[in-house]
Amino acid sequence: MNRIEAAFQNKKAFIPFITAGDPSLEVTQELVIRMAEAGADIIELGIPFSDPVAEGSVIQDADYRALSGGVTTDKIFDMVTRIRKVSNVPLVFMTYANPVYTYGTDHFMDNCKKAGIDGIIVPDVPYDEKTELQPYCEKYGITLISMIAPTSRERIHRIAKEAEGFLYCVSSMGVTGTRNEIGSAAEDMIRQVKEVKDIPCAIGFGISTPEQAKRMSGFSDGVIVGSAIVKIIAGYGKDCIPHVVEFVRGMKETM
Amino acid sequence: MSKGRFGIHGGQFIPETLMNAVIELEEAYLHYKEDEEFCKELEDLLNNYAGRPSLLYYAEKMTKDLGGAKIYLKREDLNHTGSHKINNVLGQVLLAKKMGKKRVIAETGAGQHGVATATAAALLGLECEVFMGKEDTDRQALNVFRMELLGAKVHAVTSGTMTLKDAVNETLREWTKRVEDTHYVLGSVMGPHPFPMMVRDFQSVIGKEVKEQLLAKEGKLPDAVVACVGGGSNAMGIFYDFIGDGQVRLIGCEAAGLGVDTDKTAATISTGTLGIFHGMKSYFCQDEYGQIMPVYSISAGLDYPGIGPEHAYLHDIKRAEYVAVTDQEAVEAFEYLSRMEGIIPAIESAHAVAYAKKLAPTMDRDQILVINLSGRGDKDVAAIARYRGVQIYE
């Protein structure tokens, strides 16, 4: 059993997202370690991209802050290497096709393995294009996380059958960002997944409160929270760590 | 293997939320392009609304002045709304209507594609929203008002560099929010499949007409066809029917901005590298880590960091040539054509005129060069005046 699979054993997984390098790689490193101690089961680390089309304004701004601070993919790999010396928390990269492809997909996955990355989520590489990444992920043992959305319909079975690690279920239409209301589409999507494969399903997009997390974890195997945490980081800057830790602990406790 | 590839380029690199939308779009397009009624309706719109076929004009004074190949101008500037953009837009908006969509959204740079989309939406009775970089809404205030006059809602995009690529990002985001009743009218031969194929097909009317018109006038094919390239829709439109005619040189003119050896350029083939962005694999202006670079050109319509995947393929197989034309060369060509032929070209099209000015004298007098005059230059007059130090604002 790999680290991602273990994260879902006999519990609901809480999966926070942060953008690497926002506000600095030093803070990101500390955040990862402290969020893991506070109960995060898997941590999603965003490699910032100049044009993140799946993100709402909160994470877009985090990407711009990180990039203007001089963060690069290589510096992020170095940070992950440092984290791995002190933490065993499952780490999943979240980024876009271009930073991976232009770096050299083989070289990128090789470095993921060396640094200790467990999986990767690439929202602009859908099922139909996954041969772009899959062979390299397999070669280096990096789990390629698939996504399903409320519009996936008949595609859900096809995607679920080949899914690995966990399935990222997009809760609602649109881009990332906190929402007051989250529709009930996810529950039905997860039911369809489980018809064809017994794979953990984590819900993301729009979840920001303990109440939402509790409700979503009622019918899923985990929840992913990004924008709500990135907002705290944006608000407190380098002093964000205790505030983020408190938020993560609160979310984990209600689930 | 994924769909919509041109060699290694193209594909469908978009979020899962949009996948069924592009699959349905492809199915609808493949159905309606063979549908007699659809084809008749579109032809009627093109001929009786947009003003097709556009003229193929023999530029006699220019030909004599340059002293080489016989120069013809394909007058897409005479179309309704002033550019080739209307060809694609009428096709897509009519298709959207057949698909039962209630609303269209579009990106625009200088505003040509936005105006064309707003026009077609007004005519065919669909809601229209246009996304335009904040920089561009400021620079092209007149076009913003024009779109509003046509009943469209214009959103100023404040993310990223606030220009065309960010307008595309924001339109994609908007599409993921509301995909069921909305069609994204993409303005160029770019984005995920089926857009590069579909937009090319709708624009290929340009090259088909050139072939017929030239055979009628000269009894032969051209020796060279020159067009400007941003995303590349007018170029793809005029190239497509000549790809199988190996003796016809196809030349795309990219915007070099201040020069391809500076960082103020938008020349993707000259300075870019392979990447995956905006739904497609192609060439992009980017750094070593795959971050998309800010690009620059005097022409807002060519100010884009990528190029359509079929152009990337034609470049790879060396079927088409891509050259870079600077701001200065384009402005000189803008002024040259105005004085020489009494035709004010769009600053985008002036890039093609500039290269033709260099190429024509190297060709024989019995050879033929066709320039795609993709748009008219009224929209650029104030910007050219400013370039020459005259402070005119619209």
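All of the numbers you see were taken from the coordinates with simple rules; none came from a lab. Because the structure is predicted, anything quoted here is derived from the model rather than measured. Glycine gets a Cβ as well: all are built from the backbone with ideal geometry, and neighbour counts include every protein chain shown.
Kindly state, to the nearest 0.05, the FRET efficiency for B:Gln367 paired with B:His31, given R0 = 45 Å and r defined as their beta-carbon distance.
Working: r = 42 Å, r/R0 = 0.94.
In this case the efficiency is close to 0.60.
When a/c is below 1.5 the answer is rounded, else prolate if a/b is larger than b/c, else oblate, so apply that to chain B with a ≥ b ≥ c taken from the square roots of the Cα gyration tensor eigenvalues. Let's see the in-between values first.
Details: a/c = 1.37, a/b = 1.25, b/c = 1.09.
Verdict is rounded for chain B.
For the protein assembly as shown, what is the percent of antiparallel DSSP beta bridges, rounded to the nearest 5?
Bridges in the protein assembly as shown that DSSP calls antiparallel: roughly 20 percent.
Taking θ = phi - 60°, what integer Hz values does the Karplus form 6.51 cos²θ - 1.76 cosθ + 1.60 yield along region B:224-237, in sequence order, with x for Gly and Pro?
Using θ = phi - 60°, the values come out as 8, 10, 10, 8, 7, 9, x, x, x, 6, 6, 5, 4, x Hz.
For region A:140-192, take the convex hull of the Cα atoms, compute a quarter of its surface area, and give me that in nm², please. Walk me through the intermediate numbers first.
Values: hull surface 17.5 nm².
Mean projected area of the Cα convex hull: 4.4 nm².
May I ask you to list the trypsin sites (Lys or Arg not before Pro) in region A:57-145 that are in a DSSP loop and have at most 12 other Cβ atoms within 10 Å of their Cβ? Intermediate values should be presented prior to the final figure.
Numbers: sites: A:Arg65, A:Lys75, A:Arg82, A:Arg84, A:Lys85, A:Lys113, A:Lys114, A:Lys130, A:Lys139; in loops: A:Lys85.
Of the trypsin sites (Lys or Arg not before Pro), the ones in loops of region A:57-145 whose Cβ has at most 12 other Cβ atoms within 10 Å are A:Lys85.
Only sites in a loop by DSSP and with at most 12 other Cβ atoms within 10 Å count here; which trypsin sites (Lys or Arg not before Pro) in region B:215-273 make the cut? Walk me through the numbers on the way to the answer.
Working: sites: B:Lys217, B:Lys220, B:Arg249, B:Lys264; in loops: B:Lys220, B:Lys264.
Sparse-neighbourhood loop trypsin sites (Lys or Arg not before Pro): B:Lys220.
Collect residues whose amide H, placed 1.01 Å from N in the peptide plane, falls under 5 Å from the amide H of B:Tyr72; neighbours closer than 5 in sequence don't count.
B:Ala59, B:Leu369, B:Val370, B:Ile371
Quote the charge dipole size of region A:1-64 about the Cα centre in Debye, to the nearest 20; the model charges only the Cβ of Lys and Arg (+1) and of Asp and Glu (-1). Walk me through the numbers on the way to the answer.
Numbers: 4 positive and 11 negative charges, 83 e Å.
The dipole of region A:1-64 has a size of about 400 debye.
Along region A:7-23, what does the Karplus equation 6.51 cos²θ - 1.76 cosθ + 1.60 (θ = phi - 60°) give for ³J(HN,Hα), rounded to whole Hz, x for Gly and Pro?
So the Karplus estimates, Gly and Pro as x, are 5, 9, 5, 6, 7, 8, 8, 9, 10, x, 10, 9, 8, 5, x, 10, x Hz.
Quantify how strongly other chains surround peptide A:145-157 by giving the mean number of their Cβ atoms within 10 Å of each of its Cβ atoms. Spell out each step's value before the answer.
Values: counts 0, 1, 4, 2, 8, 4, 11, 4, 2, 1, 4, 1, 0.
Average per residue, whole number: 3.
Going 7 Å from the Cα of B:Ile23 in the Cα-to-Cβ direction, what parts of region A:129-162 have a backbone nitrogen less than 15 Å from that spot?
Counting backbone N atoms under 15 Å from the label point, the list is A:129-130, A:147-162.
Looking only at Cα atoms, what is the convex hull volume of region B:254-394 per residue, in Å³?
Numbers: hull volume 18.6 nm³, N = 141.
So the per-residue Cα hull volume is 132 Å³.
Suppose R0 equals 22 Å; then what is the FRET efficiency for B:Lys3 and B:Ile243 from their Cβ-Cβ distance, rounded to the nearest 0.05? If you can, show how the numbers build up before the last one.
On the way: r = 20 Å, r/R0 = 0.92.
Once the sixth-power term is evaluated, E becomes 0.60.
Considering Cα pairs under 8 angstrom that are at least six residues apart, work out the relative contact order of chain A and quote it in whole percent. Provide the component values of the computation, followed by the final result.
Values: 489 pairs, mean separation 59.8, N = 255.
Over chain A, the number comes to 23 percent.
Considering every residue in A:42-49, what mean count of other chain Cβ atoms within 10 Å of its Cβ is obtained? Intermediate values should be presented prior to the final figure.
On the way: counts 0, 0, 0, 0, 0, 2, 2, 5.
That works out to 1 on average.
Post the alpha-carbon centroid distance, region B:219-267 to region B:369-389, in whole angstrom.
Each part's Cα centre sits 18 Å from the other's.
What are the residues whose amide H is under 5 Å from the amide H of A:Glu55, where those residues sit 5 or more places off or on another chain and H is modelled from the backbone?
A:Thr176
Translational D (Stokes-Einstein, µm²/s) of region A:1-120 at 25 °C and 0.890 mPa s when Rh comes from the Kirkwood sum over C-alpha pairs?
Working: Rh = 14.5 Å.
Diffusion coefficient, whole number: 169 µm²/s.
Normalise the Cα radius of gyration of chain A by 2.2 N^0.38 Å (N = residues in it) and let me know the number.
Cα-based Rg divided by the globular estimate yields 0.91.
How big is the gap, in Å, between the Cα center of region B:53-81 and the Cα center of region A:4-35?
So the two Cα centres are separated by 62 Å.
How many nm separate the modelled label positions at B:Asp181 and A:Asn10, each set 7 Å beyond the Cα in the direction of the Cβ?
5.0 nm
Could you give the Stokes-Einstein D for region B:349-394 in µm² per second, using the C-alpha Kirkwood radius, 20 °C, 1.002 mPa s?
Numbers: Rh = 12.7 Å.
D = 169 µm²/s.
Please state, rounded to one decimal and in Å, the Kirkwood hydrodynamic radius that region B:183-324 gives when every pair of distinct Cα atoms enters the mean of 1/r. Don't skip to the answer; put the middle values down first.
Values: mean 1/r = 0.0651 Å⁻¹.
Across region B:183-324, the inverse of the average 1/r is 15.4 Å.
Report, in listed order, any pair from A:Lys197/B:Lys3; A:Lys139/A:Lys161; B:Lys85/B:Lys153; A:Lys114/B:Lys281; B:Lys40/B:Lys208; B:Lys97/B:Lys177 with a Cα-Cα distance greater than 23 Å. Present the calculation step by step, with values, prior to reporting the outcome.
Details: A:Lys197/B:Lys3 27 Å; A:Lys139/A:Lys161 20 Å; B:Lys85/B:Lys153 19 Å; A:Lys114/B:Lys281 28 Å; B:Lys40/B:Lys208 17 Å; B:Lys97/B:Lys177 20 Å.
Correct reply: A:Lys197/B:Lys3; A:Lys114/B:Lys281.
Just how large is the dipole of region A:35-94 about the Cα centre, in debye to the nearest 20, putting +1 at every Lys and Arg Cβ and -1 at every Asp and Glu Cβ? Spell out each step's value before the answer.
Working: 5 positive and 9 negative charges, 65 e Å.
Using Cβ point charges on Lys, Arg, Asp and Glu, region A:35-94 gives about 320 debye.
Mind checking the angle between helix B:327-341 and chain B's longest principal axis? C-alpha axes, 0 to 90 degrees, to the nearest 10.
70 degrees
Throw me the Rg/Rh for region B:157-225, computed over C-alpha atoms with Kirkwood Rh, two decimals.
Working: Rg = 18.0 Å, Rh = 14.9 Å.
Answer for region B:157-225: 1.21.
Which value in deg cm²/dmol, rounded to the nearest 500, describes the helix-derived mean residue ellipticity at 222 nm for the protein assembly as shown, given -39,500 (n - 2.57) per DSSP H run of n ≥ 4 and division by the residue count? Numbers along the way, then the final one.
Values: 28 runs with 290 residues, N = 649.
Result for the protein assembly as shown: -13500 deg cm²/dmol, rounded to the nearest 500.
Could you work out, residue by residue across B:173-179, how many beta carbons of other chains sit within 10 Å of that residue's beta carbon, and then give the average as an integer?
5
For region A:166-218, what value does the Rg/Rh ratio take when both radii are computed over Cα atoms and Rh is the Kirkwood radius, given to two decimals? The partial results should precede the final answer.
Details: Rg = 11.0 Å, Rh = 11.5 Å.
With Rg and the Kirkwood Rh in hand, the quotient comes to 0.96.
What is the sum of charges, Lys and Arg at +1 and Asp and Glu at -1, for the other residues whose Cβ falls under 9 Å from the Cβ of A:Tyr96?
Working: positive: none; negative: A:Asp51, A:Asp124.
Taking every Cβ under 9 Å from that of A:Tyr96, the sum is -2.
Tell me, what is a quarter of the convex hull surface for the C-alpha atoms of the protein assembly as shown, in nm² with one decimal? Numbers along the way, then the final one.
Details: hull surface 111.9 nm².
One quarter of the hull surface, i.e. the mean projection, equals 28.0 nm².
Taking the alpha carbon gyration tensor of region B:1-134, what are the square roots of 5 times its eigenvalues, largest first, to the nearest whole Å?
Those come to 31, 20, 17 Å.
Calculate how large, on average over all directions, the projected area of the Cα convex hull of region B:13-58 is; give the answer in nm² to one decimal.
Working: hull surface 22.1 nm².
If you wrap the Cα atoms of region B:13-58 in a convex hull and average its projections, you get 5.5 nm².
Report the full-extension gain for the segment B:Leu123 to B:Asp378: residue separation times 0.36 nm, less the Cα-Cα distance, to one decimal in nm. Can you show the working numbers first?
Values: separation 255, 0.36 × 255 = 91.80 nm, distance 2.33 nm.
Taking 0.36 nm per residue and subtracting the Cα distance, the gain is 89.5 nm.
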